[in-house]
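Quick notes on the structure that follows.
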Amino acid sequence: MQWEVVIGLEIHAQLMTNSKIFSGASIAYGAEPNTQACAVDLGLPGVLPVLNTEAVRMAAKFGLAIGANVSRHSVFARKNYFYPDLPKGYQISQMELPIVEAGKLEIELKDGTKKIIGVTRAHLEEDAGKSLHEDYHGMTGIDLNRAGTPLLEIVSEPDMRSAEEAVAYMRKIHSLVQYIGICDGNMAEGSFRCDANVSVRPKGQAEYGTRAELKNINSFKFVEKAINIEVERQIDLIEDGGKVVQETRLYDADKNETRSMRSKEEANDYRYFPDPDLLPVVLDDEYLQAVKDTLPELPDVKRDRFIEQYGLSSVDAGILTVSREAADYFEKVAELSAAAKLAANWMMGEVSASLNKNDLDIKDCPVSAEMLAGMLKRIEDNTISGKIAKEVFEAMWAGDGDADTVIDKKGLKQITDSSAIEALVDQVIANNPVQAAEFKAGKEQLMGFFVGQIMKASQGKANPAQVNQLLKKKLSE
Amino acid sequence: MSLDAEQVKKIAHLARLEINEADIPSYAGTLSNILELVDQMSAVNTDDVEPMAHPMDANQRLRADVVTENNQREKFQAIAPKTEDGLYLVPQVIE
């Protein structure tokens, strides 16, 4: 039987406000437990929530960025359940009238196919606290610093048909929320989290299969693995005559398996109702236009511009526009060096490899855009070869100064004087008479050997193009 | 609509209320009365009436995004039943 996978994602993005969504406590990460949990966050009697203007603005900004309908009139509701990380006994969320409805995003897969994924809704809500189940003499420790942190829950349509599509969509949202400056995207700190609803159905069947919800998968890699392993489990189960039950499952990265957490409470057990402590949020056209005016150039638009303006391939332009900082860095280098394609290659090569190796972000790159551009100019004007440039780059990374300083100090200037190169070529041919004879007899793959020897003799400084040209000439004499 | 004993128990559980078995028939009766009232109200034609989210005819006022609360953990924890390492301790919850 051919199976079709159906995936919908719920993404929780913590909004980058200063204070909580309904109280004046700080949301800074990493504070001592409960030092940022005020009376409102603790749900003490008599407190009232007051909505944070920035949380509303950020939600509206997201809606406008995905071409969604930003509601002129949205309402907060109480989602009732008992858990100690939520002291009020309910979470303030939005149910029937969320702030954002019906948007869409285009994703691009590895093979270049594009697909539109629908965003059903995005609503504002408060985050819960954290429970620590470690050793507290058989008790659970509760830290409420996170309680009340503003969240935007972004719910997709069940439009994805593979783990790859799900990851592409998640990456797209991840990139977008950072572009528009509403979420720092830090998955390790839980600022950006994802639940996946996964089901399978026989190919061609119209109705959906029963879904399982995979909870809190905290990296792109795990989303892909968790979905694939869950799909496998569901197909095996059905083929063995079993039935998928609707439930919440936890992905265990160590064992690479999903396991049942608890049966999903019936939706109506949450007993949603409008929160009487909060009035409807009303936004007018003028407000939304003002928010729209603050939107930066969005990733898709930027990518298309990069293709057009710098002659980059769609894939390269896509990579360079994933983050706004990387895109800005690239543009600066491209402009200053007037060598856009070279800049793109360096960005995706040495720069990104070095950043990864040192676990650094582009904004902390020790080689500034100005420095990289300065080096690219020296490649362009033949002062150094691409190979030597790697050495220069490493030296700049290590803090030895800009490209010209490094080239000067280390004597890396490329040899372009053809008489000097000719002398090297002659010398290497003279030192390797056997190979020279073989080459002349037709063993042309020895070309690489000679180039290598000459580059070695020049300590990598001979201009490779000139070496090739002179070598060919000499060997065919 | 009238509620049976099982439904009353479920509602009590959702609200984390402990109730006496003997009181269930009485709760079932009074809760059912409320639902009947709702049924009566449902009979009214509300086609032209906008759903009301709040009885006050006003919009939500928004707060500036400023940190105004400072750390008062000691005071809050002084009235908590049990704390340790700055955490509130509660009976163990395992998912």
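No lab work stands behind these numbers, since they all come straight from the coordinates. Here the structure is a predicted model, which is why all the values come from computation and not from measurement. Backbone-built Cβ (ideal geometry, glycine too); neighbour counts: all protein chains shown.
Can you give the extra length, in nm with one decimal, that the chain gains between A:Ser418 and A:Ala465 once fully stretched, where that is 0.36 nm per residue apart less the Cα-Cα distance?
That pair, A:Ser418 and A:Ala465, stretches by 15.8 nm at full extension.
Under the definition of partner shielding as Cβ atoms of other protein chains within 10 Å of a residue Cβ, what is the mean value for peptide A:16-23?
The mean count of partner-chain Cβ atoms within 10 Å per residue comes to 3.
Give me the angle, in degrees from 0 to 90, between the Cα long axis of helix A:447-457 and the longest principal axis of the Cα atoms of chain A, rounded to the nearest 10.
The angle comes out near 90 degrees.
Run the reach check for B:Lys75 against lysines, Cα to Cα strictly under 30 Å, same-chain hits fewer than 8 apart removed. What comes back?
Within the straight-line limit of under 30 Å, B:Lys75 reaches these lysines: A:Lys20, A:Lys79, A:Lys88, A:Lys130.
How much length is gained on full extension from B:Arg16 to B:Asn33, taking 0.36 nm per residue of separation minus their Cα-Cα distance?
3.9 nm
Between A:Asn216 and B:Val44, what FRET efficiency comes out of the Förster formula 1/(1 + (r/R0)^6) with R0 = 51 Å and r the beta carbon distance, rounded to 0.05?
In this case the efficiency is close to 0.70.
Whole-Hz Karplus ³J(HN,Hα) for region A:345-355, in order, using 6.51 cos²θ - 1.76 cosθ + 1.60 and θ = phi - 60°, x for Gly and Pro?
Computed from phi, the couplings for region A:345-355 are 4, 5, 4, 7, x, 4, 4, 5, 5, 5, 5 Hz.
Let me check against my output: what whole-number percent is the relative contact order of chain A, with C-alpha pairs under 8 Å and at least 6 apart?
13 percent
State whether region A:418-475 is rounded, prolate or oblate according to the following rule on the C-alpha gyration tensor (a ≥ b ≥ c being the square roots of its eigenvalues): a/c under 1.5 gives rounded; otherwise a/b larger than b/c gives prolate, and the remaining case gives oblate.
Judged from the Cα gyration tensor, region A:418-475 comes out prolate (a/c at least 1.5, a/b above b/c).
Please turn the phi angles of region A:102-109 into ³J(HN,Hα) values with the Karplus equation 6.51 cos²θ - 1.76 cosθ + 1.60 (θ = phi - 60°), one per residue in order, whole Hz, x for glycine and proline.
6, x, 8, 9, 9, 10, 10, 8
For A:Lys461, give me every one of the lysines with a C-alpha distance below 21 angstrom, ignoring sequence neighbours fewer than eight places off in its own chain.
Leaving aside lysines fewer than 8 places away in the same chain, those within reach of A:Lys461 are A:Lys377, A:Lys387, A:Lys390, A:Lys409, A:Lys410, A:Lys413, A:Lys472, A:Lys473, A:Lys474.
Just to be sure I understand: of the beta bridges DSSP finds with both ends in the protein assembly as shown, what percent are antiparallel, rounded to 5?
That works out to approximately 90 percent antiparallel.
Answer rounded, prolate or oblate for chain A, using the Cα gyration tensor with square roots of eigenvalues a ≥ b ≥ c: rounded when a/c is under 1.5, else prolate when a/b is larger than b/c, else oblate.
Verdict is prolate for chain A.
Tabulate in residue order the Karplus-calculated ³J(HN,Hα) for region A:276-292, using 6.51 cos²θ - 1.76 cosθ + 1.60 with θ = phi - 60°, rounded to whole Hz; enter x for Gly and Pro.
For region A:276-292, the Karplus-derived couplings read x, 7, 10, 8, x, 8, 10, 10, 10, 4, 4, 4, 5, 5, 5, 5, 4 Hz, x marking Gly and Pro.
Can you give the FRET efficiency for A:Asn358 and B:Ala58, using 1/(1 + (r/R0)^6), R0 = 51 Å, r = Cβ-Cβ distance, to the nearest 0.05?
0.40
I'd like the distance between the alpha-carbon centres of region A:173-224 and region A:426-463, rounded to an integer number of Å.
So the two Cα centres are separated by 56 Å.
Counting only C-alpha contacts under 8 Å and six or more residues apart, can you give the relative contact order of region A:1-109 as a whole percent?
21 percent
Name the long-range amide H neighbours of A:Met261: under 5 Å, sequence gap of 5 or more, or other chain; modelled H, no Pro or chain starts.
The list, which skips near neighbours in sequence, is A:Thr248, A:Arg249, A:Leu250.
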